[in-house]
Structure formats: C-alpha cells, structure tokens
Amino acid sequence: MMEDRLRLAAEAARGFMPAGEGLALYRSAASLEVDGPLLEVGSYCGKSAVYLGAAARQAGRVLFCVDHHRGSEENQPGWEHHDPEVVDPDLGLIDTLPFFRRTVADAGLEGTIVAVVGDSPTVASLWATPLAMVFIDGGHGTEPAHRDYEGWTPHVRPGGLLAIHDVFENPADGGRPPYEIWCRALSEGFFEERAAVGSLRVLRRVV
Ligand code: SAH
Ligand code: MG
C-alpha cells in the first residue's frame, strides 16, 4: 500500500512528526481543491516534507520548504529537542540542511521540493505567490509562532488549507504558542476547522 511506503520513507528521517499525524498531513494535502504550490515553515531534517511532498508530487505541485536550518530555540544544546549529531562541528551551530537534502533525495522528491534557506519572517515579508496550503511547524516560542501566523496565513488561497503542528489544548501536554495561533485562526474569521489528529490541526480558508 502506498501509505505504508510513504511512512517508511518518512520514518528514515530524524524529526518530530509522528506517522499518524504525517499521514493526516499527506491526506489533507492530497485532498486540496485549489491550485497552487504548498509551503511548509520548519522542515528540520525533512520528515514532514516527505508527507507533504508525496501529495505535491502526485498532483504535479511544488512544495517550498522554508527553514534557516539552524534549529529552533528548543533544538539548541541543553534544550529538550537537541540532537548533537546535527551540529556542524566547525561552526558549532546546528545545520540540518545536509540531513534535509538527503531525506528529500532518498524519497525521490528532488523534482518536487524547493528548499528556501532563510529566516521565515524575512521570506514571508517578500513572498507574493498565492499558496494552496501552508504548514506551520517553525519556532514554537510566542514571537516566532505569531510571526509565522501573521506572515504566512495571508498567502493561503480561499479554499486552501492551513495546518499547524504541536497544538496542545491541554497546557500540561506542551507549549502554548501553536495553540494560540490555532485559536487566532479560528477566531479571526478566515478559517474553519477541517481535521485534528494528535497535535496536528488542519483548517480551511473560507474567505
Ligand atoms: N517539521 C519538522 C520539524 C520542524 S522543527 C519535522 O517534521 O520533523 C522546527 C524547525 O523550524 C527547525 O528546523 C528550525 O530551524 C526552524 N525554524 C525556527 N525558527 C525559524 C525561523 N525564524 N526561520 C526559519 N526556520 C526556523
Ligand atoms: Mg512539530
């Protein structure tokens, strides 16, 4: 079955996307009814990009993957999600770009995925192409999460999808900012709820 192969390809990558949520991401992207490319904010080593990229490839779409590849606050040494193997020893800085490229090549997605290596708000401020789907999984602090929300949601086409990862309705389960931007999306009138699997939330742009 196609989804089993997809799960195996994604599980080969380091990262923070459980298979059930990744498959939900894939199915949402595969169900898109509007034209245009997809864009993810926060790619790390490419795990979620494999799920989104598979749907993009099937539809002949492009997936842009925006990440400076230096890691979020929570990926830095001493923090919960630190992996010493992704540190560039010469620079002493995280560099997930080589891992990301390897994941994309192994998954056969080099013709589908375009890496945009840079700071998300900087790229968002100069972005002009309407997007069929945006997936937000970048920095999870208050500033980064709200800036990603403000910078990227205006680029989602009406009828398109906005997915947000690490949304925890119960504060005991995890940090607040992804939950806060999900609440903003629901309350500001542009999006309605579409799907929820684990900490993944998918919304559809209505106007
Ligand atoms: N979606 C990934 C996990 C992303 S982890 C997966 O499926 O495994 C969060 C990522 O956001 C990190 O790789 C980090 O480098 C990136 N990030 C954090 N702040 C950023 C910013 N301001 N601009 C670009 N990327 C950022
Ligand atoms: Mg995440």
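Of Pro171, Pro144, Pro37, which has the largest mean-square fluctuation in a 10 Å C-alpha GNM of the chain?
With Cα springs under 10 Å in the chain, the top fluctuation among Pro171, Pro144, Pro37 is at Pro171.
Quick one: 3J(HN,Hα) in Hz for region 96-102, Karplus 6.51/-1.76/1.60 with θ = phi - 60°, rounded, Gly and Pro as x.
Once rounded to whole Hz, the list reads 8, 4, x, 5, 4, 4, 5.
Among Asp4, Asp166, Asp67, which comes first, second and so on when ranked by fewest other beta-carbon atoms within 10 Å? Mind showing how you got there, number by number?
Details: Asp4 10, Asp166 24, Asp67 27.
Final ranking by Cβ density, sparse to dense: Asp4, Asp166, Asp67.
Whose amide H sits under 5 Å from the amide H of Ala115, counting only residues 5 or more places off or on another chain, with H placed in the peptide plane?
Cys65
If the viscosity is 1.306 mPa s and the temperature 10 °C, what translational diffusion coefficient in µm²/s does Stokes-Einstein give for region 56-137 when Rh comes from Kirkwood over Cα pairs? Please list the in-between numbers first.
Numbers: Rh = 14.4 Å.
Translational diffusion coefficient: 110 µm²/s.
In region 40-110, which GluC sites (Glu not before Pro) fall in coil by DSSP and have 13 or fewer other Cβ atoms within 10 Å?
Answer by residue number: Glu80, Glu110.
According to the square roots a ≥ b ≥ c of the eigenvalues of the Cα gyration tensor, what is the shape class of the chain, taking rounded for a/c under 1.5, prolate for a/b larger than b/c otherwise, and oblate for the remainder?
Values: a/c = 1.41, a/b = 1.14, b/c = 1.23.
Because its axes are fairly even, with a/c under 1.5, the chain counts as rounded.
Under the Karplus relation 6.51 cos²θ - 1.76 cosθ + 1.60, θ = phi - 60°, what is the ordered set of whole-Hz ³J(HN,Hα) values for region 179-191, x standing for Gly and Pro?
Working through the residues one at a time gives 5, 4, 6, 5, 4, 4, 4, 6, 8, 8, x, 8, 10 Hz.
Please state the shape class of region 165-207: rounded when a/c is under 1.5, otherwise prolate if a/b exceeds b/c and oblate if not, all from the C-alpha gyration tensor. It would help to have the intermediate numbers written out before the result.
On the way: a/c = 3.25, a/b = 1.70, b/c = 1.91.
It comes out oblate by the Cα gyration axes.
For a distance above 23 Å, tell me the whole-number percent of Cα pairs in region 87-207 that qualify.
40 percent
I need the phi-derived Karplus couplings for region 45-60: 6.51 cos²θ - 1.76 cosθ + 1.60, θ = phi - 60°, integer Hz, Gly and Pro marked x.
So the Karplus estimates, Gly and Pro as x, are 9, x, 4, 5, 5, 5, 5, 5, x, 4, 5, 4, 4, 4, 9, x Hz.
Is it possible to state the helix-based mean residue ellipticity at 222 nm for the chain, with each DSSP H run of 4+ residues giving -39500 (n - 2.57), the sum divided by total residues, to the nearest 500 deg cm²/dmol? What is it? Numbers along the way, then the final one.
Details: 7 runs with 73 residues, N = 207.
One gets -10500 deg cm²/dmol as the mean residue ellipticity at 222 nm.
A short reminder: the numbers here are calculations on the coordinates, not readings from a lab. Keep in mind the model is a prediction, meaning the values are calculated, not measured. Methodologically, a virtual Cβ is constructed for each residue, glycine included, from the backbone with ideal geometry; neighbour enumeration extends over all protein chains shown.
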